[in-house]
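The values are calculated or read from the model by the stated rules, or taken from the named source; none is laboratory data. Predicted, not measured: the structure shown is a model, and the values here were computed from it. A quick note on method: Cβ atoms are made from the backbone with ideal geometry, for glycine too, and the neighbour counts reach across all protein chains shown.
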């Protein structure tokens, strides 16, 4: 069951995108122009299928075996290169189709292959040789194909969480008195029970203290005084109705049960519960299947006076299946509460005697961001340590560099990632490119995912934006993304979850952090972000040149800074950027003080997302109309008109001109059949009506 529950490897979803691209009608028709290249592409697809078979096993083993992680990185890099070439072919097919519709060119598919056949054939052969060599190494590493893996019990490379118990916390509970009272209030609220059963779900990300709170309630004297029977079950990832029922029966009877008959067990529980008040805790529930929960409830419908149940989970989907009252969302600890917990686990008498250690300790607590598990773990690592150097080392260490045998933080968080389906793993890992503490809107992240082809579209499952919203909501439901506490329309990723995403993405994502000498750009880096004003004008972006296959270039938005404060390094011309990184899918120049978009923008034939919002760009070059893959275009407030041939952007879906001072719209916008967002539509004096007929787009006139 556990193997089926695991969604799959992070790269499987990405490989599926590559498969779909090769199989598209436009590409199939286009490739008929060259039988040799068509045959190589077909062979490439078979090689990618072979690679995909070992991904699930490799992804699980990479945490335990460094050589497997290195192999996986080599494979990912090779697949990225293959996908770039496939995307180039698909883009050329799109260009050919578009120009045929607009009758802007007399060139043919044969012309393209005549001019580029040798280059494409050479690249394909090189890619195939490299992939075949890498795939052969899987046997040396003893990687198991996914078909065989389905029959393999257990979770390779993943440390399962230890079974929890109801025993009180040894060092006490900090900052949870109000939360405990909140649970009791929910038990006593009107309409809390349905058919005599009240279920309160405690929901939060891993490490916040759901189990601690449930244990705090379980051991409260009011529970002992109010209930005849009580039981604690650590459900964990294996939701087995018989095991849960057996554990409950053994706890309430204080005797072992060897009978393996579910009907017998159910009848015994009913007899025991009859006319009794029962309190239960089902800790660490992962299973999101409603039918399994409904089956378990049959055990509890037994003539008891009342049954109150606490369910702890990271998933709001689990909570929605089980609850009879609103979810109890567990907050993170305040810094003061976190410091109290840290002190209790760090200092023998619970008090800091050395002011130097106290100062470093308080900085470590800030790093925990209210996560009790982090405070307790880091406190335990430093217990009885008196050397400030050791404390400073912990302060500066990333969570994935801490000794795993001594740290519970990464394994606890990694479980949330492990149980993601494959299509969400890629989306989650990509979030590591976002700065820590950055608050973002749902649409913002969905459009970035869409630009990277992370959204798996199939017949009948809706538009890409709707798919992306479901992906986003799923990550929120699993507590990997959280709603901002200051702005309901924005979301945030906890710093330690961001650290997890960074660990998962490895060298493929690079977020520039000042004074971080360990984090380096490599040739495998595909996604890059940087905060405003961090580059010396003389160096520009030269340190990025190692990453030839870069796909994301994101500048952090700085909306409140006056223009005169912009660093001169950010006013540099971006010609070099456009020349060096021709595989970019996402380009955000919103924090760069540039005034002009170069004509060479059409070098970026893969580009799907272009953001010039916070620039002084007032004119778009005609060459931008050659970006046939472009899906999202976010304009600066200085733009007053669009190029005449804007309607050639047949894949454009989001034309955000909400901040622009538009004077008129270009002609023939009705040809942009994929356009679904156009906030402002201006009817100009010279408009002949051809620009008004837009199907599907929401616009304000």
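What to note about this one:
- Flag if residue 629 is under 28 Å from residue 84 (Cβ atoms) and either in contact (Cβ under 8 Å) with a residue 60 or more places away in the chain or assigned by TED's automatic domain parsing to the domain that holds residue 93 (or both): yes
- Identity of the residue in segment 601-618, touching a strand residue (DSSP E or B) at 6+ places or on another chain (Cβ under 9 Å) and not in a loop (DSSP other than H, G, I, E, B), that ends up farthest from residue 451 (Cα to Cα): 601
- Among all positions in segment 592-603, there is no residue which is in contact (Cβ under 8 Å) with a residue 60 or more places away in the chain and outside the structural domain of residue 450 (by TED's automatic domain parsing).
- Answer residue from segment 33-50, given it is over 11 Å from residue 124 (Cβ atoms) and in contact with a helix residue (DSSP H, G or I) (Cβ under 6 Å, 6 or more places away or on another chain) and is surrounded by the fewest Cβ atoms within 10 Å (Cβ to Cβ) among those: 50
- For segment 235-258, the set of residues classified as surrounded by 11 or more Cβ atoms within 10 Å (Cβ to Cβ), at pLDDT below 90 and over 42 Å from the mean Cα position of the chain (by Cα) consists of 257 only.
- Flag for residue 619 being over 25 Å from residue 530 (Cα atoms) and modelled with pLDDT of 90 or more: yes
- Residue tally, condition farther than 30 Å from residue 312 by Cβ, buried (at least 21 other Cβ atoms within 10 Å of the Cβ) and out of contact with any helix residue (DSSP H, G or I) (no Cβ under 6 Å at 6 or more places or on another chain), over segment 423-451: 4
- Summed over segment 433-458, the residues that are closer than 14 Å to residue 586 by Cβ and touching a residue at least 60 places away in the same chain (Cβ under 8 Å) give a count of 9.
- Counted residues, segment 194-222 - those being part of a loop (DSSP other than H, G, I, E, B) and either modelled with pLDDT under 95 or closer than 22 Å to residue 334 by Cα (or both): 8
- Among (1) at pLDDT 85 or above; (2) surrounded by 12 or more Cβ atoms within 10 Å (Cβ to Cβ) - the single one residue 112 does not satisfy: (1)
- When residue 45 is tested against the conditions (1) modelled with pLDDT under 80; (2) part of a helix (DSSP H, G or I), the lone failure is (1).
- Among the residues making up segment 56-82, those that are more than 18 Å from residue 524 (Cα to Cα) and touching a helix residue (DSSP H, G or I) at 6+ places or on another chain (Cβ under 6 Å) are 56, 57, 58, 61.
- The set of residues in segment 583-600 being within 20 Å of residue 452 (Cβ to Cβ) and either out of contact with any strand residue (DSSP E or B) (no Cβ under 8 Å at 6 or more places or on another chain) or in a helix (DSSP H, G or I) (or both) consists of 583 alone.
- In summary, residue 501 fulfils each of the numbered conditions (1) outside the structural domain of residue 452 (by TED's automatic domain parsing); (2) at pLDDT 90 or above; (3) out of contact with any helix residue (DSSP H, G or I) (no Cβ under 6 Å at 6 or more places or on another chain) with the single exception of condition (3).
- Filtered residue count, segment 461-472, keeping only those that are in a helix (DSSP H, G or I) and in contact (Cβ under 8 Å) with a residue 24 or more places away in the chain: 5
- Just one residue in the set 458, 432, 416 is assigned to a loop (DSSP other than H, G, I, E, B) and either touching a strand residue (DSSP E or B) at 6+ places or on another chain (Cβ under 6 Å) or not assigned by TED's automatic domain parsing to the domain that holds residue 376 (or both); that residue is 458.
- Here 319, 304, 326, 374 are screened, and the one residue that is in a loop (DSSP other than H, G, I, E, B) and closer than 23 Å to residue 206 by Cβ is 326.
- Within segment 626-666, restricting attention to residues that are outside any loop (DSSP other than H, G, I, E, B) and under 29 Å from the mean Cα position of the chain (by Cα), the residue that is surrounded by the fewest Cβ atoms within 10 Å (Cβ to Cβ) is 656.
- Among all residues of segment 483-492, there is none that is out of contact with any strand residue (DSSP E or B) (no Cβ under 9 Å at 6 or more places or on another chain), within 22 Å of residue 418 (Cα to Cα) and not in a loop (DSSP other than H, G, I, E, B).
- Apart from one condition, residue 166 fits all of (1) out of contact with any helix residue (DSSP H, G or I) (no Cβ under 8 Å at 6 or more places or on another chain); (2) at pLDDT 90 or above; the exception is (1).
- Candidates 357, 330 - the one that is touching a residue at least 24 places away in the same chain (Cβ under 8 Å) and under 33 Å from the mean Cα position of the chain (by Cα): 330
- If you go through segment 220-234 and keep only what is over 42 Å from the mean Cα position of the chain (by Cα) and either surrounded by 19 or more Cβ atoms within 10 Å (Cβ to Cβ) or more than 29 Å from residue 288 (Cβ to Cβ) (or both), you end up with 224, 225, 226, 228.
- Considering the conditions (1) closer than 23 Å to residue 680 by Cα; (2) in a helix (DSSP H, G or I); (3) modelled with pLDDT under 90, residue 578 is excluded by exactly one of them, (1).
- Among residues of segment 63-75, those that are within 20 Å of the chain's Cα centre (by Cα), part of a helix (DSSP H, G or I) and surrounded by fewer than 22 Cβ atoms within 10 Å (Cβ to Cβ), counted: 2
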